[in-house]
1. So if I check each of Ala385, Ala401, Ala480, which one is under 28 Å from Gly84 (Cβ atoms) and crowded, with 24+ Cβ neighbours inside 10 Å?
2. From the list Glu181, Glu111, Glu119, exactly one residue is touching a His at 6+ places or on another chain (Cβ under 8 Å) and outside the structural domain of Gly467 (by TED's automatic domain parsing). Which is it?
3. Within region 150-184, work out how many residues are in contact (Cβ under 8 Å) with a residue 24 or more places away in the chain, outside any helix (DSSP H, G or I) and over 29 Å from the mean Cα position of the chain (by Cα).
4. Of all residues in region 443-469, count the ones that are free of Cβ contacts under 8 Å to residues at least 60 places away in the same chain and touching a helix residue (DSSP H, G or I) at 6+ places or on another chain (Cβ under 7 Å).
5. Quick check on my filter: what residues within region 409-451 are part of a strand (DSSP E or B), touching an Asp or Glu at 6+ places or on another chain (Cβ under 9 Å) and not polar (S, T, N, Q)?
6. Please indicate, with yes or no, whether at least one residue in region 104-124 is surrounded by 15 or more Cβ atoms within 10 Å (Cβ to Cβ), β-branched (Val, Ile, Thr) and part of a loop (DSSP other than H, G, I, E, B).
7. I want to confirm something. Restricting to region 441-460 and keeping residues that are over 15 Å from Ala364 (Cβ atoms) and among the polar types (S, T, N, Q), which single residue is nearest to the chain's Cα centre (by Cα)?
8. State whether one or more residues within region 284-296 are touching a residue at least 12 places away in the same chain (Cβ under 8 Å) and within 22 Å of Gly423 (Cβ to Cβ).
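The values are calculated or read from the model by the stated rules, or taken from the named source; none is laboratory data. Just so it is clear, the model here is predicted, and its values are computed rather than measured. Reconstructed Cβ throughout: ideal geometry from the backbone, glycine too, with neighbour counts over all protein chains shown.
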Amino acid sequence: MTVGGGGAAAGTVSPRPDAVKRVWRVRPSLPVVEQIPVTVGEAEQRRIAALADELRDRDAALADDARGLHLPAPTGDGGRVGQGAGDGPALIFEDHGEIPLFTTAVPSALEYRSLLLAEDGDILALGGQRVADFEAYARDTLRLGEVDVLPRPEGGPGGALPDALRTDPASMTRLVRRAREGGSLTVIPYLSTAAAWRLAEAVAEQAGVDVSVLAPPPRLAARVNDKAWFSRRVAEVLGPDSLPETGWAADAFELTDALHVLAKRHGRLVVKMPDSAGGVGNVVLDSADVADLDHDRLLAHVWARTGRAGRGWTFPLLVGAWSDPVVDSPSVQLWVPARGDGLPVVEGVFSQVLKGARGTFVGAAPTWLPPEWQQRLAGEAVRLALLFQQLGYLGRCSFDAVLTGADLESAAVHWVDANGRWGGVSIALTAANRLVGDWQRRPFVIVQRSGLRMAPQPLPGVLEAIGPQLFRPSDGRTGAVVLAPCRLMEGTGMNLMVLAGDIASAEADAATVKARLLGALEADGVSAVA
């Protein structure tokens, strides 16, 4: 078991003197609008580049080719696969099934939100049931374009959605035809996985056109999304004081030993499944409970707190201090261009709303932190993203931190997680940029809730319940946008974005929208609880 702590890091990072935002479109449906300009000094850039070289020397997976896969080269007239975005249509999908502790048995209720990243002529691959009303809502109300929906093949293999598409002749026929018609295809996965790249390779081979993947190599994506790997990179780039005291346990005995050691120094502890997400793989423990338990009883206590008696949990596990008290839980949203195309771009700093002992994400809003704090967070996040960019990262990324301390003046910044994928904030942010040009013109809040008990109803009924608060592009460009429909229709939750002229108004309007939805459903005699 290794434990990090102590020290500080100095960085040559500053806002750009001109403070001019960089704005460009990765493709028409993916506008990138810089909100906090940052520069990194040449000496610091060289240090980070050298660190990237060291990591490649130590890790063969990071030294692999841009795809991160040992795939055979295309034969005959087959096309090539590479990173980036082509000029043709895109294949977009949000498959959560390959995230550890997430289930592949039932597609995510949130997968439809990736439709908001699509445009005319694109293809959305869907693991769950189609909701024609939501597709019409995105096309006709939000005016985001005509998108072809490709459902998961019936009776096909379970597991990853892209593998199911790749092994289904009818699905491949549709994808190959669209790639040929468009002259290329861009694959935009929610999370870069080997299955996504295998699908890209198969389409390129059969269509005879180039296929681009707008994502990092899958092995690099796996490293970035591993909390233990990320914490080591935080210590190397920013210094060990930039993360909570953290250890890594390779087996059950190292786990209980680490907990006993850390319990002597901290009031609360956390055990994390390093490559899970969304708080699902977190177990928070009171140190007082830990101190009085021997190895067997402590291990049983940890497994019981997972909610599944430890099923699905595998070593190594991350063990650390659970920051307490916490002033704020900011998340820095970035777009990472290809190496050589400029520094990573900070598109916003958001304050997350986390619920429960595990810190489950239930919403977010643009941060309330003062500009100097936002600049500090942006500068540190850019340095971390710069390391990933040097390793070959391309695409969406966000970093989660906690400001721990009694108040803002005394708070320390601890970086706790990297999300090397699209997410609840970045999808909404991109959709807001599409709808209003620059989300800061119409700040928004995100409401993401599950576990509600409401009456099921079709989507038109949900939109009617939102009423005058529903966003319409021609009506002031404010109001509520449904990001994903399934929980609302099932009566189990909601996934919304509410835009307004300022943050306070967005928060007030969000409260009104929630009251309308819950009130309309409660009128049917069904209670709605948080």
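1. Numbers: Ala401 fails: under 28 Å from Gly84 (Cβ atoms); Ala480 fails: under 28 Å from Gly84 (Cβ atoms).
Every option except Ala385 fails the conditions.
2. On the way: Glu181 fails: touching a His at 6+ places or on another chain (Cβ under 8 Å); Glu119 fails: touching a His at 6+ places or on another chain (Cβ under 8 Å).
Of the residues listed, the single one that is touching a His at 6+ places or on another chain (Cβ under 8 Å) and outside the structural domain of Gly467 (by TED's automatic domain parsing) is Glu111.
3. Qualifying residue count for the region: 1.
4. 6
5. Result: Ala412, Val413, His414, Trp415, Val416, Asp417, Ala418, Val445.
6. In the first step, residues of region 104-124 are kept if they are surrounded by 15 or more Cβ atoms within 10 Å (Cβ to Cβ); the result is 104, 107-119, 121-124.
Those still in the list that are β-branched (Val, Ile, Thr) too: 104, 123.
Going one step further and asking which of them are part of a loop (DSSP other than H, G, I, E, B), we end up with 104.
Yes, because at least one residue in region 104-124 is surrounded by 15 or more Cβ atoms within 10 Å (Cβ to Cβ), β-branched (Val, Ile, Thr) and part of a loop (DSSP other than H, G, I, E, B).
7. If we take residues in region 441-460 being over 15 Å from Ala364 (Cβ atoms) and among the polar types (S, T, N, Q), then Ser450 is nearest to the chain's Cα centre (by Cα).
8. Yes; the residues of region 284-296 include at least one that is touching a residue at least 12 places away in the same chain (Cβ under 8 Å) and within 22 Å of Gly423 (Cβ to Cβ).
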